[in-house]
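What follows is one structure encoded as structure tokens, with my remarks underneath.
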Amino acid sequence: MQAAAPDHATDRPLDRPSTLTVGTVVWLASELMFFSGLFAAYFTLRAAATGPWPPSGVDLSVPVSGLFTLVLVLSSGTMQLAVRAIEHGRLAVFRRWLAVTLLLGALFVANQAREWATLDFRVDSHAFGSAFYLMTGFHGLHVIGGLAAMLVLLLRASDRRFDAGATPSVEVVSYYWHFVDVVWIGLWATLFLLK
């Protein structure tokens, strides 16, 4: 009986996602659970409300919030263009698209701050106010965290040694940014559109 030939196919390196990518996906799954809890709390409060929902005195500007939702969605596109640029080693193009993404995200946060300052209800006005400020506040903190991560990438990109080898860290920030954008679409639809 002859011995079987060794399987050399296993000698090749496997094409696996990096530990950083896997860790990020697991972390984003936990963030998804966190926001799911916020949505569950909102819909529980809504179901238990005895009066109209949202209560009288809640005047949210759907057109303005819709415009800034579009700004945030566009920032996902510019972030993806930044990822493509770094994958192809085009550092200057990467920096430009990342800067545009940062600007769009900052505009979104500025609008949220303006909105909070001008609303006629507060966090302690009613259950809707509590849910609104909690949900938009946590989302805003996540957006600010994404902007901070992009700023770090932009600072790192000022070093000429920053090249296509940095793609995994850029991709991880892009996963996070896309996640934040998708969560906002759900929040916007729930808080601003669903009556």
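The values are calculated or read from the model by the stated rules, or taken from the named source; none is laboratory data. Owing to the predicted nature of the structure, the values given are computational and were not obtained by experimental measurement. When we count neighbours, we look across all protein chains shown, and the Cβ atoms used for this are built from the backbone with ideal geometry, even at glycine. All accessible areas refer to the heavy atoms of the entire protein, side chains included, with ligands and DNA or RNA removed. Shrake-Rupley method; radii C 1.70, N 1.55, O 1.52, S 1.80 Å.
Of note:
- Summed over region 32-44, the residues that are open to solvent by less than 60 Å² (accessible area, probe 1.4 Å) and in contact (Cβ under 8 Å) with a residue 60 or more places away in the chain give a count of 5.
- For region 150-195, the tally of residues that are hydroxyl-bearing (Ser, Thr, Tyr) and farther than 16 Å from LEU20 by Cβ stands at 2.
- Residue in region 164-175 that is in a loop (DSSP other than H, G, I, E, B), within 21 Å of VAL93 (Cβ to Cβ) and open to solvent by 10 Å² or more (accessible area, probe 1.4 Å) present: no
- Residue in region 122-135 that is without any contact (Cβ under 8 Å) to a residue 40 or more places away in the chain, closer than 19 Å to THR69 by Cβ, open to solvent by 20 Å² or more (accessible area, probe 1.4 Å) and part of a helix (DSSP H, G or I) present: yes
- Selection of region 54-67 for residues being open to solvent by 40 Å² or more (accessible area, probe 1.4 Å) and either touching a Lys or Arg at 6+ places or on another chain (Cβ under 7 Å) or within 13 Å of LEU193 (Cβ to Cβ) (or both) yields SER61, VAL62, PRO63.
- When PHE128, PHE162 are checked against the criterion of being more than 17 Å from PHE34 (Cβ to Cβ) and touching a Phe, Trp or Tyr at 6+ places or on another chain (Cβ under 7 Å), a single residue qualifies: PHE128.
- The residues listed here are ALA29, ALA47; of these, the one that is open to solvent by 80 Å² or more (accessible area, probe 1.4 Å) and small (Gly, Ala, Ser) is ALA47.
- Residues of region 176-195 satisfying the condition of being part of a helix (DSSP H, G or I) and over 8 Å from the mean Cα position of the chain (by Cα): ILE185, GLY186, LEU187, TRP188, ALA189, THR190, LEU191, PHE192, LEU193
- So LEU107, is it without any contact (Cβ under 8 Å) to a residue 60 or more places away in the chain, surrounded by fewer than 20 Cβ atoms within 10 Å (Cβ to Cβ) and outside any loop (DSSP other than H, G, I, E, B): yes
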